[in-house]
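S.K.: Quick one: structure below, then a few questions.
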There are 2 protein chains.
Amino acid sequence: MADKKLVEQITPMEEDFAQWYTDVVKKAELCDYSSAKGFMIIRPAGYALWENYMAILDRMFKETGVQNVAMPMLIPESLLQKEKDHVEGFAPEVAWVTEGGQKKLEERMCVRPTSETLFCDYFAKVVKSYRDLPQLLNQWVSVVRWEKTTRPFLRTREFLWQEGHTVHATAEEAEERTIQMLNIYADFTEQYLAIPVVRGQKTEKEKFAGAVATYTIEALMHDGQALQCGTSHNFGCDFAKAFNVQFLDKDNQLKPVYETSWGYTTRMIGALIMVHGDDSGLKLPPRIAPTQICVVPIQQRKEGVLEKAQELTEVLKKAGFRVKLDDSEKSPGFKFADQEVRGIPLRIEIGPKDIEAGHAVLVRRDTREKIQVSFENLAEETGKVLEQEQNDMFAAASKFLTDHTSSATTMDEMVDIVNTKKGFVKAMWCGCRECEDKLKEMAGITSRCIPFKQETISDKCVVCGKPATKMVYWGRAY
Amino acid sequence: MADKKLVEQITPMEEDFAQWYTDVVKKAELCDYSSAKGFMIIRPAGYALWENYMAILDRMFKETGVQNVAMPMLIPESLLQKEKDHVEGFAPEVAWVTEGGQKKLEERMCVRPTSETLFCDYFAKVVKSYRDLPQLLNQWVSVVRWEKTTRPFLRTREFLWQEGHTVHATAEEAEERTIQMLNIYADFTEQYLAIPVVRGQKTEKEKFAGAVATYTIEALMHDGQALQCGTSHNFGCDFAKAFNVQFLDKDNQLKPVYETSWGYTTRMIGALIMVHGDDSGLKLPPRIAPTQICVVPIQQRKEGVLEKAQELTEVLKKAGFRVKLDDSEKSPGFKFADQEVRGIPLRIEIGPKDIEAGHAVLVRRDTREKIQVSFENLAEETGKVLEQEQNDMFAAASKFLTDHTSSATTMDEMVDIVNTKKGFVKAMWCGCRECEDKLKEMAGITSRCIPFKQETISDKCVVCGKPATKMVYWGRAY
């Protein structure tokens, strides 16, 4: 039985979702506040998750030819101002360095909020001919955006991410790359984080500052609010023209390049918490969990127990699992609760009776199902159980998404759904900004995306009643 | 034969070492300048090197129990000022953020020049009892120090590094960890970068701001100047007292912790260039090279040549080598020069005559030695040749270090050696700051380290003639 003392410190999800989230972040030791207001400290358990995100995504990027680089952390103001829409979008939320080496700077520099300007400046230097294209670059860094209200992982003044930036000879190739990277984000999010997503395009109102088209994957959190999970932008030639990134094509004509960028951030640790967590704490999908298995000896002072636990731990390590043995002096109940708070996918209990019977007891974190497995089959069965847990967690999250995706044909209906049942609402839209503004003002509802998979709910815009052009996913969002 | 056109763009080392260095950095496409003055762009070839550094060091750190975290990028001024020596050391070279979100900040924040203050602030929160010790943390980030004159990799306003920070219950354990991490740096530098180092302690004058003791590894560049390669600091209790990091010990007494920090930076890419490079470009040791082998087809349009080159490339890939096939339309001569500039350790030439004879020709980058290897033994022999090249590169660098390490018993002798023969000078020292200052002022010579392996050169200080207490490595340094 899990130790109540540890569990009781987490506010129940139903009582106060925001407090539940904060409690889980704290109890699972993922993240902490810092003396730098609005900034976060990512603790070892949180950073180990991010390391797994990075390793998998980096491999997926590289398989498509992407190479990593490091651009400067600071951007001179004149460089930031070269692309009009971009600077308008970011200027309100940047941090400015105005002094360096005990002198006032001649030109102030902002801490990068994103690095399109620096990449374009670089591309302008190295791209001369069609032979230099495409350039497929990425960097793993942190960026600063001066947010007013902050929440761990979801909205902080600094967050970690990767930002990919590519330039191409043709519009078709750039569009293809934009969608390719969105699909990598979607695959990673679904296959590793076990979070189902809706893929689609952002409206003009919601797109990235300076982009021609922004694509997004959107997920649903356990409180029914949407979270934007990753975005991929097609800039067309706008940045290329502003930064003079040109190439001599095969036909001997000087042409501007076509550019894309795409980003995935530490907010996806927040998503992991809010999609899978429960009142006992975190629940990590096995494929992404830094520790997949926690071995807990029962009555560990009895002869042979600790030895057997160590032996099984070694067997599992050799089989390639990420496993830890908790041989501390704490009670089994405390260890169970600790493992649950931290979301370790599988607990293996091993006591004198188990040793006598020749089996261990596997306890899944997601369902708490107990499975007896004989010592001989341990590694093989553990693999199967973890695989099943991964699939079941995705299935459970998919069911939640389906159950919380509704359709509406009137605005009243939409607002009612969002207020009561929560979740996504599929509804038709005329395509004009005014209707989006109205929904935002009246009910705090925003367009999440125009999904690639279009359906016809009705033939009229849910807001103004004029002829509809698109079906849109709407909702309240983080 | 290597194509002269490509090679001629590199200034000969003997003619102008600084220009040679800049040329190699540029031609090998490691790094580029940026519109952010004094900052650098690390290009794909340079960053791929750093990725290898990171992967190996990170594994070595983790094997000793170190975990990674992410601390904020910005430090509030009040936090920076808590430890007196530390702030005095860093205040002159920090960059200040004074505005954020279109408002002047109530308290300005500096971009981290190093993060002792943030780690201490964190340790003060999480360390309560001896059970919470040791804390062994590290982060892979970039830091900003407002340098006046800059050179790619060696001295830039921003550089990438890792900074490890640990706290311990006893002085002995902290000292042990400080030395342990220095030895990891030394092992990595010697075994992977093939750069021999001298291990020792910094003098009071040269130690880190706020440290009780700083340990260092020092290497010799091809121009005879020294480079500090990695440092490890023991802070004793000074930071703990300034930041109130205390723990309840087993004896129920509240005690301050003992702290260490240690860092290794992208300047070690500069060291790699300056220790191994030659007038044809970069020379990468096989163990650290992102691409170890470049396969170059000769007369590649002749039937069967490209196919055989592809086949051999696949064989080598499967055997675990990092290999690239250069099947571009450029001439073999151009490809050879390109491979040499980029420092790829091994070139494999394969043409119609080779195919007929059933062998490939392996050409080492370091010695340009040509070795015929039959197709059947290719993978095995390639492994042996690369291993030999790694060892030979270390041996050559070690010989250079020995040949350029002299002893001196008088100041005139020391200055003469540094001016003519260059390199390290071993000489005795009384231990006082004034003698160090004098050598710096008169000849630009600094103490590099008090080596762990002490020798007796004479019994008098090389500067003042008073009784000597230590033997010191002296030299001019980057």
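S.K.: Within segment B:121-133, track down each residue that is more than 9 Å from every other protein chain (Cβ to nearest Cβ) and crowded, with 21+ Cβ neighbours inside 10 Å.
M.R.: B:Phe123, B:Val127, listed by residue number.
S.K.: Sort through B:Lys202, B:Lys250, B:Lys283 and tell me the only one that's at pLDDT 95 or above and over 18 Å from the mean Cα position of the chain (by Cα). Walk me through it before giving the result.
M.R.: On the way: B:Lys202 fails: over 18 Å from the mean Cα position of the chain (by Cα); B:Lys283 fails: over 18 Å from the mean Cα position of the chain (by Cα).
Being at pLDDT 95 or above and over 18 Å from the mean Cα position of the chain (by Cα) holds for just one of B:Lys202, B:Lys250, B:Lys283, which is B:Lys250.
S.K.: List the number of the failed condition for A:Met54; all other conditions in (1) touching a Pro at 6+ places or on another chain (Cβ under 8 Å); (2) more than 8 Å from chain B (Cβ to nearest Cβ) hold.
M.R.: (1)
S.K.: Moving on. As an exercise: evaluate A:Ser328 against (1) modelled with pLDDT under 95; (2) of a type in the set (Ser, Thr, Tyr); (3) part of a helix (DSSP H, G or I) and give the number of the one condition it does not meet.
M.R.: Tallying (1) modelled with pLDDT under 95; (2) of a type in the set (Ser, Thr, Tyr); (3) part of a helix (DSSP H, G or I), A:Ser328 fails exactly one: (3).
S.K.: Being under 22 Å from A:Leu282 (Cβ atoms) and in a strand (DSSP E or B): is that true of A:Gly230 here? Write out each step before concluding.
M.R.: On the way: under 22 Å from A:Leu282 (Cβ atoms): yes; in a strand (DSSP E or B): yes.
When the stated conditions are applied, A:Gly230 passes them.
S.K.: Going through segment A:172-196 one residue at a time, which ones are surrounded by fewer than 24 Cβ atoms within 10 Å (Cβ to Cβ) and part of a loop (DSSP other than H, G, I, E, B)?
M.R.: Scanning segment A:172-196 gives A:Tyr192, A:Pro196.
S.K.: Determine which member of the set A:Arg155, A:Arg108 is within 21 Å of B:Arg145 (Cα to Cα), touching a Ser or Thr at 6+ places or on another chain (Cβ under 9 Å), open to solvent by 40 Å² or more (accessible area, probe 1.4 Å) and in contact (Cβ under 8 Å) with a residue 24 or more places away in the chain. Before the answer, list the steps.
M.R.: On the way: A:Arg155 fails: within 21 Å of B:Arg145 (Cα to Cα).
When all the criteria are applied, what remains is A:Arg108.
S.K.: While we're on this one: From (1) touching a residue at least 12 places away in the same chain (Cβ under 8 Å); (2) farther than 26 Å from A:Glu63 by Cβ; (3) among the hydroxyl-bearing types (Ser, Thr, Tyr), pick out the condition that doesn't hold for A:Thr149.
M.R.: Every condition holds for A:Thr149 apart from (1).
S.K.: Condition first: facing another protein chain (nearest Cβ under 7 Å) and out of contact with any strand residue (DSSP E or B) (no Cβ under 6 Å at 6 or more places or on another chain). Now tell me which residues in segment A:73-82 satisfy that.
M.R.: Of all residues in segment A:73-82, those facing another protein chain (nearest Cβ under 7 Å) come to A:73-76, A:79.
Across segment A:73-82, the qualifying residue is only A:Leu79.
S.K.: Let me ask you something else. Quick one: in segment B:83-103, which of the residues that are within 10 Å of chain A (Cβ to nearest Cβ) and in a loop (DSSP other than H, G, I, E, B) is least open to solvent (accessible area, probe 1.4 Å)?
M.R.: B:Val94
S.K.: Please find, within segment B:35-75, the residue that is farthest from B:Glu158 (Cα to Cα) out of those that are in a loop (DSSP other than H, G, I, E, B) and of a type in the set (Val, Ile, Thr).
M.R.: The first filter runs over segment B:35-75 and keeps only residues in a loop (DSSP other than H, G, I, E, B), leaving B:35-39, B:43, B:64-66, B:69, B:71-73.
Restricting the remaining residues to those that are of a type in the set (Val, Ile, Thr) gives B:64, B:66, B:69.
On the way: B:Thr64: 29, B:Val66: 25, B:Val69: 20 Å.
So the residue we want is B:Thr64.
S.K.: What strands (runs of 3 or more DSSP E), lying completely within segment B:364-478, carry at least 3 residues that are surrounded by 16 or more Cβ atoms within 10 Å (Cβ to Cβ) and out of contact with any Gly (no Cβ under 9 Å at 6 or more places or on another chain)? Can you show your working first?
M.R.: Details: elements: B:370-374, B:405-407, B:424-429, B:446-451, B:470-475.
Filter on segment B:364-478 gives B:424-429.
S.K.: What's the number of the only condition in (1) out of contact with any Ser or Thr (no Cβ under 9 Å at 6 or more places or on another chain); (2) of a type outside the set (Lys, Arg); (3) within 30 Å of A:Gly270 (Cβ to Cβ) that A:Ala379 fails to meet?
M.R.: Going through the list (1) out of contact with any Ser or Thr (no Cβ under 9 Å at 6 or more places or on another chain); (2) of a type outside the set (Lys, Arg); (3) within 30 Å of A:Gly270 (Cβ to Cβ), A:Ala379 breaks only (3).
S.K.: Among the numbered criteria (1) closer than 30 Å to A:Leu254 by Cα; (2) touching a helix residue (DSSP H, G or I) at 6+ places or on another chain (Cβ under 6 Å), which one does A:Pro152 miss?
M.R.: Of everything listed in (1) closer than 30 Å to A:Leu254 by Cα; (2) touching a helix residue (DSSP H, G or I) at 6+ places or on another chain (Cβ under 6 Å), A:Pro152 misses just condition (1).
S.K.: Determine whether segment B:251-264 contains at least one residue that is open to solvent by less than 40 Å² (accessible area, probe 1.4 Å) and assigned to a loop (DSSP other than H, G, I, E, B).
M.R.: Narrowing segment B:251-264 to residues open to solvent by less than 40 Å² (accessible area, probe 1.4 Å): B:256-257, B:259-264.
Filter once more, keeping what is assigned to a loop (DSSP other than H, G, I, E, B): B:257.
For segment B:251-264, residues open to solvent by less than 40 Å² (accessible area, probe 1.4 Å) and assigned to a loop (DSSP other than H, G, I, E, B): present.
S.K.: Do we have any residue at all in segment B:68-83 that's without any contact (Cβ under 8 Å) to a residue 24 or more places away in the chain and either over 19 Å from B:Gln139 (Cα atoms) or of a type in the set (Ser, Thr, Tyr) (or both)? So that I can check it myself, show each step before the final result.
M.R.: Within segment B:68-83, the subset without any contact (Cβ under 8 Å) to a residue 24 or more places away in the chain is B:81.
Next cut, either over 19 Å from B:Gln139 (Cα atoms) or of a type in the set (Ser, Thr, Tyr) (or both) only: B:81.
The answer is yes, given that some residue of segment B:68-83 is without any contact (Cβ under 8 Å) to a residue 24 or more places away in the chain and either over 19 Å from B:Gln139 (Cα atoms) or of a type in the set (Ser, Thr, Tyr) (or both).
S.K.: Next question, about the same structure. Being of a type outside the set (Asp, Glu) and not in a helix (DSSP H, G or I) narrows it down to one of B:Val275, B:Val295, so name that one. Can you show your working first?
M.R.: On the way: B:Val275 fails: not in a helix (DSSP H, G or I).
After applying the criteria, what remains is B:Val295.
S.K.: Considering every residue within segment B:59-66, establish whether at least one is surrounded by 16 or more Cβ atoms within 10 Å (Cβ to Cβ) and in contact with a strand residue (DSSP E or B) (Cβ under 6 Å, 6 or more places away or on another chain).
M.R.: yes
S.K.: With (1) under 25 Å from A:Val197 (Cβ atoms); (2) open to solvent by 30 Å² or more (accessible area, probe 1.4 Å); (3) in contact with a His (Cβ under 9 Å, 6 or more places away or on another chain) as the list, and A:Gly277 as the residue in question, which single condition is left unmet?
M.R.: (2)
S.K.: Within segment B:306-350, how many residues are more than 33 Å from the chain's Cα centre (by Cα), open to solvent by 40 Å² or more (accessible area, probe 1.4 Å) and free of Cβ contacts under 8 Å to residues at least 12 places away in the same chain?
M.R.: Here the count works out to 4.
S.K.: With respect to B:Leu136, determine if the residue is within 30 Å of B:Asp249 (Cβ to Cβ) and in contact with a Gly (Cβ under 6 Å, 6 or more places away or on another chain).
M.R.: Values: within 30 Å of B:Asp249 (Cβ to Cβ): yes; in contact with a Gly (Cβ under 6 Å, 6 or more places away or on another chain): yes.
The answer is yes for B:Leu136.
S.K.: Oh, and also: Could you count how many residues in segment A:104-120 are of a type in the set (D, E, K, R) and either more than 10 Å from chain B (Cβ to nearest Cβ) or under 18 Å from A:Cys237 (Cα atoms) (or both)? Walk me through how you get there before you give the answer.
M.R.: Within segment A:104-120, the subset of a type in the set (D, E, K, R) is A:104, A:106-108, A:112, A:116.
Right, trim to either more than 10 Å from chain B (Cβ to nearest Cβ) or under 18 Å from A:Cys237 (Cα atoms) (or both) and you get A:116.
Qualifying residue count, segment A:104-120: 1.
S.K.: What is the number of the single condition among (1) open to solvent by 10 Å² or more (accessible area, probe 1.4 Å); (2) aliphatic (A, V, I, L, M); (3) farther than 24 Å from A:Arg43 by Cα that A:Leu160 does not meet?
M.R.: Here A:Leu160 clears every test but (3).
S.K.: Considering only segment B:15-44, state which residues are more than 9 Å from chain A (Cβ to nearest Cβ), open to solvent by less than 40 Å² (accessible area, probe 1.4 Å) and within 21 Å of B:Cys229 (Cβ to Cβ).
M.R.: Selection gives B:Phe17, B:Trp20, B:Tyr21, B:Val24, B:Val25, B:Ala28, B:Leu30, B:Cys31.
S.K.: Residue by residue through segment A:197-233, note down the ones that are farther than 16 Å from A:Ala477 by Cα and open to solvent by less than 20 Å² (accessible area, probe 1.4 Å).
M.R.: Of everything in segment A:197-233, those that are farther than 16 Å from A:Ala477 by Cα and open to solvent by less than 20 Å² (accessible area, probe 1.4 Å) turn out to be A:Gly210, A:Ala211, A:Ala213, A:Thr214, A:Tyr215, A:Ser232, A:His233.
S.K.: Checking the conditions here, which among A:Cys120, A:Cys110 is within 24 Å of A:Leu137 (Cβ to Cβ) and in a strand (DSSP E or B)? Talk me through it step by step, then tell me what you get.
M.R.: Details: A:Cys120 fails: in a strand (DSSP E or B).
Only one candidate qualifies: A:Cys110.
S.K.: Restricting to segment A:129-171, name every residue that is part of a helix (DSSP H, G or I) and of a type in the set (Gly, Ala, Ser). So that I can check it myself, show each step before the final result.
M.R.: Step one: of segment A:129-171, the residues part of a helix (DSSP H, G or I) are A:130-132, A:171.
Passing the criteria: only A:Ala171.
S.K.: Checking B:Ala360 against (1) surrounded by 14 or more Cβ atoms within 10 Å (Cβ to Cβ); (2) part of a helix (DSSP H, G or I); (3) of a type in the set (Gly, Ala, Ser): exactly one of these is not met. Which one?
M.R.: The number of the failed condition is (2).
The values are calculated or read from the model by the stated rules, or taken from the named source; none is laboratory data. These figures come from a predicted structure and were not determined experimentally. Neighbour counts run over all protein chains shown; Cβ positions are idealised from the backbone, glycine included. Surface accessibility is based on the protein's heavy atoms, side chains included, excluding ligands, DNA and RNA. Shrake-Rupley method; radii C 1.70, N 1.55, O 1.52, S 1.80 Å.
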